[in-house]
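The values are calculated or read from the model by the stated rules, or taken from the named source; none is laboratory data. Just so it is clear, the structure is predicted and the values come from calculations on it, not from any experiment. Here Cβ is always computed from backbone atoms with ideal geometry, including for glycine, and neighbour counts include all displayed protein chains.
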Amino acid sequence: MEKKLKLSEKKIEKARTLAENITGKIQNYIDSHTTVAVERASLRLLGADGADKNGVPVPNIIADSLKDKCGFGLCKYYLNALAKTGLDVKELNEKIAEGLDISKIDMADLKSVEIKAKEEIEKLDKRLEENVSYRNKKLSEFAENEKKPWIYVIVATGNIYEDVKQAKAAASQGADIIAVIRTTAQSLLDYVPYGATTEGFGGTYATQENFKIMRKALDEVSEKEKRYIRLVNYCSGLCMPEIAAMGAMERLDMMLNDSMYGILFRDINMYRTFTDQFFSRMINARAEIIINTGEDNYLTTSDAVEKAHTVLASQFLNESFAKRAGMKEELMGLGHAFEMNPEIKSGFLMEFSQALMAREIFDKHPLKYMPPTKFMTGDIFKGYAMNTMFNFVSKATGQTIELLGMLTEAIHTPYMQDRALAIKNALYVHNNIDGFLEEIEFKKDSTIRKRAAQVLDETVQMLSSVKKIGLFKAIESGMFADVKRPPEGGKGLEGVFEKENGYYNPVEKYLKNKLGIADTAEAK
Amino acid sequence: MKPIKAYGDTLGDGAIQLSFTLPVSFGGKAKEAAKIYVQKMGFKSADIVHAEPLSEEFTFFVAYGKTDNYVDYDSVEYSEAVDKAMSMDEVNAFIKQNFKRKIVIVGACTGFDAHTVGIDAIMNMKGYNHHFGLERYPMIEALNMGSQVPNEKLIEQAVKINADAILVSQIVTQKDTHIKNLTNFIELLEAEKLRKRFILVVGGPRINNKLAAEIGFDAGFGSGTYAEDVATFIVKKMYERLSEKK
Ligand code: B12
């Protein structure tokens, strides 16, 4: 794609280098730590699953009985139990759910643990590989029907079976991506509920069974529509790495997965979040799941015009963190949004400029563009007009993933008809303005070019300041989203552990191997 | 008696537009069903002006109808918490003159609700839409506890700093979670015999003054509220209570 904003490549490079520098400091911390959620995710990937009669998931039962052992890695105990009992994974899970305490089983020699590890990792690798190749096969089979941007809509009835109806309808109307939004406050649960669910508030529980049910439905509709319909969930909150694990196993295609969202918007501890995001992103990278980052949210708590550079700065940081987790650019769905106050004169020019800026700076990345939300009101008619403007910018600037605005954004999670109207609007605009950008160029002194240059300048400045004080301090002082979080504050710090000498995690090792990440912790 | 009806282009025509989805597949029969459905809602005439399939099992309709139903406007009871808001300066002057001390206000977005923008708009220095927030008021000591604050914590804090008023924000309303949470808040206060100690104000996009009163709050504010509306209500209410005591 020809670049039209003529942004300074040098400044872009500078911003990238600053971001590398900033995340490097955090990565040192990450490499020497684990969390209870990372351990539970690793257990899940080895096969731990199911729940006891009170609904406590097996990975939690294991982690609870071995709380003080997290720093040594919990996989060893599970693998040891497999080796010692001779049970298979399914049988062992049942026994644990019935009360078997694996912390009480004598440790076999490391050799037999490693044999078991090898077996289970091979199974895991096979499962992930099958998922990746199935997806790729379907994507190429239906390649001729792919349209750009990909149309992304949300379902959120609270009941997975109702969600299926809504999702299938949306796909048949033209949606390419279905996100099942999570129930209010699931991100604060320190466990992932088990089984299919039919109750939720403003969303549906993310459970492995729910993933499975929706995946099956979307696979069916994909065949019918001759388009591969992607499935999305939310890999954030206290169970971020576990959700990644479940998504990888059930062939989700995208995950909301931001390096800072939990800290800023759910008050989750920063040490916990940074450590968890790394592990989650390794899983997503291995399973070739596109991540979506959450920069759009900054513009709801801070001003979209004044704080545009915080979005770009955060995109550079998210990119750098993702790179460290072995992720290719093609999987980095960096987020941004059309969130300016609609009363602003020539606001459209700024929105256009920033969207194109993101496109030109992150040219390999499947950018995720978010619609107006904060200034949507009960006036659904005005809202529909705003969404049309958004659709215009999205198509004209070549965004990859377009989350459609709903005319009822300020009222409720979408009704079936709201979604249908949104898709109709988008398809109309996408078709009608096809080829628009190829026809135009921007004057040197145009608002559109000047605005992008200004945002980039401010971004470099901001990243320089962040580098000086470090990312922890930057977050503490409210530099992102105008939200201030102290490093020791927030939820989940008690679940963070320094890796002890002899920390053992075959899943981590497998992921790092696969992704070509140097295992610094081991080298130490 | 003042009967009123919806207005299209002739006073009293009772013209209304509707849009809705029915769980049937698209076709002439579906349209006929939609028409009957609209008539059953009390529309003497009903036109299905648009119908389209949303999937094999659902159809979307746009309809226009006319109805003879009316409302007697004179019998409608509703009053806003504040008729006319004072400005920030007027509020300050009012506090100085009548209470001779700073007043203390604590607020939070409570329960599982993580939306801070609304309560920030009312309380934070910067305010909203060029209307300063309560923190900016020289005669008001404002403490914003943020979001996801448990009711117990908010009450505890209010007692600790000896607040004059408590502000509660509720944005998530799906399945009436806000009603349950707000009711629990009032019950907790009553259990501790604290209900009368504070002026209680609730706000959010689905809140109005009538709903607030039904739950047990002193006032409720909806979309488009500014700090001066809330401040005016609080200082007037405090003044009223002070006068009652005398
Ligand atoms: C921004 C936003 C978010 C941000 C919040 C960031 C933050 N720190 O606040 C994020 C992304 C985190 C978010 C998360 C979620 N959100 Co949200 N969000 C919104 C959005 C887009 C804008 C809200 C907003 O900021 N409005 C601007 C402010 C200024 O307006 P306001 O809140 O109405 O406040 C004004 C008045 O109401 C009043 N007021 C408000 N509080 C108070 C208090 C007092 C005392 C007074 C006097 C007045 C007052 O004064 C304010 C100024 O005028 C709305 C959609 C919309 N356009 O309304 C959805 C919306 C509120 N969210 C919704 C949902 C469902 C969620 C989630 C549950 C989604 C999920 N499943 O995870 C989560 C919530 C998680 C949780 N635990 O709460 C739904 C709620 C549906 C419903 N009716 O229940 C909405 C309507 C979107 C939708 N259509 O689905 N959200």
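If you go through region A:172-190, how many residues are more than 14 Å from chain B (Cβ to nearest Cβ) and surrounded by 19 or more Cβ atoms within 10 Å (Cβ to Cβ)?
Initially, region A:172-190 is screened for residues more than 14 Å from chain B (Cβ to nearest Cβ), giving A:176-177, A:179-180, A:190.
Then keep just the ones that are surrounded by 19 or more Cβ atoms within 10 Å (Cβ to Cβ); that gives A:176-177, A:179-180.
Residues in region A:172-190 being more than 14 Å from chain B (Cβ to nearest Cβ) and surrounded by 19 or more Cβ atoms within 10 Å (Cβ to Cβ): 4 in total.
Conditions first: (1) within 14 Å of chain A (Cβ to nearest Cβ); (2) touching a residue at least 40 places away in the same chain (Cβ under 8 Å). B:Ile207 passes all but one, so which condition is the exception?
Here B:Ile207 clears every test but (2).
Restricting to region A:211-222, and then to whatever is in contact (Cβ under 8 Å) with a residue 12 or more places away in the chain and away from chain B (no Cβ under 13 Å), can you tell me which residue is farthest from the ligand (Cβ to nearest atom)?
A:Ser222
Would you pick out the residues in region B:11-42 that are more than 14 Å from chain A (Cβ to nearest Cβ), under 32 Å from the mean Cα position of the chain (by Cα) and buried (at least 18 other Cβ atoms within 10 Å of the Cβ)?
Those that are more than 14 Å from chain A (Cβ to nearest Cβ), under 32 Å from the mean Cα position of the chain (by Cα) and buried (at least 18 other Cβ atoms within 10 Å of the Cβ): B:Gly14, B:Ile16, B:Val38.
Report yes if some residue within region A:396-404 is under 21 Å from B:Glu52 (Cα atoms), crowded, with 24+ Cβ neighbours inside 10 Å and in contact with a helix residue (DSSP H, G or I) (Cβ under 8 Å, 6 or more places away or on another chain); otherwise report no. Write out each step before concluding.
The first filter runs over region A:396-404 and keeps only residues under 21 Å from B:Glu52 (Cα atoms), leaving A:404.
Right, trim to crowded, with 24+ Cβ neighbours inside 10 Å and you get A:404.
Next, only the ones that are in contact with a helix residue (DSSP H, G or I) (Cβ under 8 Å, 6 or more places away or on another chain) stay: A:404.
Within region A:396-404, one or more residues are under 21 Å from B:Glu52 (Cα atoms), crowded, with 24+ Cβ neighbours inside 10 Å and in contact with a helix residue (DSSP H, G or I) (Cβ under 8 Å, 6 or more places away or on another chain).
Mind listing whichever residues of region B:92-112 are in a loop (DSSP other than H, G, I, E, B) and either more than 17 Å from B:Leu200 (Cβ to Cβ) or more than 15 Å from the ligand (Cβ to nearest atom) (or both)?
Going through region B:92-112, the residues in a loop (DSSP other than H, G, I, E, B) turn out to be B:100-102, B:111-112.
Across region B:92-112, the qualifying residues are B:Lys100, B:Arg101, B:Lys102, B:Phe112.
Output the number of residues of region B:48-90 satisfying the condition of being within 14 Å of chain A (Cβ to nearest Cβ), out of contact with any helix residue (DSSP H, G or I) (no Cβ under 9 Å at 6 or more places or on another chain) and either free of Cβ contacts under 8 Å to residues at least 24 places away in the same chain or surrounded by 19 or more Cβ atoms within 10 Å (Cβ to Cβ) (or both).
Of the residues in region B:48-90, 1 are within 14 Å of chain A (Cβ to nearest Cβ), out of contact with any helix residue (DSSP H, G or I) (no Cβ under 9 Å at 6 or more places or on another chain) and either free of Cβ contacts under 8 Å to residues at least 24 places away in the same chain or surrounded by 19 or more Cβ atoms within 10 Å (Cβ to Cβ) (or both).
Just checking, how many residues over region A:147-178 are over 28 Å from A:Gly195 (Cβ atoms), at pLDDT 95 or above and not polar (S, T, N, Q)?
So the answer is 5.
Restricting to region B:114-123, and then to whatever is within 11 Å of B:Gly146 (Cβ to Cβ) and near the ligand (Cβ under 6 Å from one of its atoms), can you tell me which residue is modelled with the lowest pLDDT?
Among those residues, the one meeting the criterion is B:Ala114.
Write out, first by first residue and then by second, each pair whose Cβ atoms fall under 7 Å of each other, whose residues are 6+ apart or on separate chains, and whose first residue, in region A:1-21, is touching a residue at least 40 places away in the same chain (Cβ under 8 Å) while the second is among the polar types (S, T, N, Q) and surrounded by 12 or more Cβ atoms within 10 Å (Cβ to Cβ).
Between residues of region A:1-21 that are touching a residue at least 40 places away in the same chain (Cβ under 8 Å) and residues that are among the polar types (S, T, N, Q) and surrounded by 12 or more Cβ atoms within 10 Å (Cβ to Cβ), the close pairs are A:Ala15/A:Thr459; A:Leu18/A:Ser464; A:Ala19/A:Ser320; A:Glu20/A:Ser320.
When region B:124-143 is examined, which residues are found to be aliphatic (A, V, I, L, M) and more than 12 Å from the ligand (Cβ to nearest atom)?
So in region B:124-143, the residues aliphatic (A, V, I, L, M) come out as B:125, B:134, B:139-140, B:142-143.
Across region B:124-143, the qualifying residues are B:Met125, B:Met139, B:Ile140, B:Leu143.
Filter region A:409-446 down to the residues that are polar (S, T, N, Q) and either within 30 Å of the chain's Cα centre (by Cα) or within 16 Å of the ligand (Cβ to nearest atom) (or both), then identify the one that is nearest to A:Ile151 (Cα to Cα). Spell out how you get there, then give the answer.
Filtering region A:409-446 down to residues polar (S, T, N, Q) leaves A:413, A:417, A:425, A:431-432, A:446.
Right, trim to either within 30 Å of the chain's Cα centre (by Cα) or within 16 Å of the ligand (Cβ to nearest atom) (or both) and you get A:413, A:417, A:425, A:431.
Details: A:Thr413: 17, A:Gln417: 16, A:Asn425: 11, A:Asn431: 13 Å.
Per the criteria, the residue is A:Asn425.
Residues of region A:423-461 being closer than 30 Å to A:Gly203 by Cβ, away from chain B (no Cβ under 12 Å) and either surrounded by 18 or more Cβ atoms within 10 Å (Cβ to Cβ) or touching a Cys at 6+ places or on another chain (Cβ under 9 Å) (or both), which ones? Talk me through it step by step, then tell me what you get.
At the first step, the residues of region A:423-461 found to be closer than 30 Å to A:Gly203 by Cβ are A:423-430.
Next, only the ones that are away from chain B (no Cβ under 12 Å) stay: A:425-430.
Passing the criteria: A:Asn425, A:Ala426, A:Val429, A:His430.
Scan region A:383-401 and give yes if some residue there is within 14 Å of another protein chain (Cβ to nearest Cβ) and polar (S, T, N, Q), otherwise no.
We begin by selecting, within region A:383-401, every residue within 14 Å of another protein chain (Cβ to nearest Cβ); these are A:383-384.
Going one step further and asking which of them are polar (S, T, N, Q), we end up with none.
There is no residue in region A:383-401 that is within 14 Å of another protein chain (Cβ to nearest Cβ) and polar (S, T, N, Q).
For region B:177-189, which residues satisfy the criterion of being more than 14 Å from chain A (Cβ to nearest Cβ) and either in contact (Cβ under 8 Å) with a residue 12 or more places away in the chain or among the β-branched types (Val, Ile, Thr) (or both)?
Here is the first cut: in region B:177-189, the residues more than 14 Å from chain A (Cβ to nearest Cβ) are B:182-189.
Matches in region B:177-189: B:Leu182, B:Thr183, B:Asn184, B:Phe185, B:Ile186, B:Leu188, B:Leu189.
Could you tell me whether A:Ala196 is more than 16 Å from the chain's Cα centre (by Cα), more than 13 Å from chain B (Cβ to nearest Cβ), more than 16 Å from the ligand (Cβ to nearest atom) and surrounded by fewer than 22 Cβ atoms within 10 Å (Cβ to Cβ)? Before the answer, list the steps.
Numbers: more than 16 Å from the chain's Cα centre (by Cα): yes; more than 13 Å from chain B (Cβ to nearest Cβ): yes; more than 16 Å from the ligand (Cβ to nearest atom): yes; surrounded by fewer than 22 Cβ atoms within 10 Å (Cβ to Cβ): yes.
Answer is yes for this residue.
How about region B:106-115: which of its residues are crowded, with 24+ Cβ neighbours inside 10 Å and either more than 15 Å from B:Leu182 (Cβ to Cβ) or away from chain A (no Cβ under 11 Å) (or both)?
If the condition is that a residue be crowded, with 24+ Cβ neighbours inside 10 Å and either more than 15 Å from B:Leu182 (Cβ to Cβ) or away from chain A (no Cβ under 11 Å) (or both), then B:Val106, B:Gly107, B:Ala108, B:Cys109, B:Thr110 are the ones that fit.
Condition test on B:Asp120, is it part of a loop (DSSP other than H, G, I, E, B), within 13 Å of another protein chain (Cβ to nearest Cβ) and surrounded by 15 or more Cβ atoms within 10 Å (Cβ to Cβ)? Spell out the reasoning first.
Details: part of a loop (DSSP other than H, G, I, E, B): no; within 13 Å of another protein chain (Cβ to nearest Cβ): yes; surrounded by 15 or more Cβ atoms within 10 Å (Cβ to Cβ): yes.
No: the conditions fail for B:Asp120.
Return a yes/no flag: does region A:201-210 have any residue that is touching a strand residue (DSSP E or B) at 6+ places or on another chain (Cβ under 9 Å), more than 25 Å from A:Ile61 (Cβ to Cβ) and touching a residue at least 40 places away in the same chain (Cβ under 8 Å).
yes
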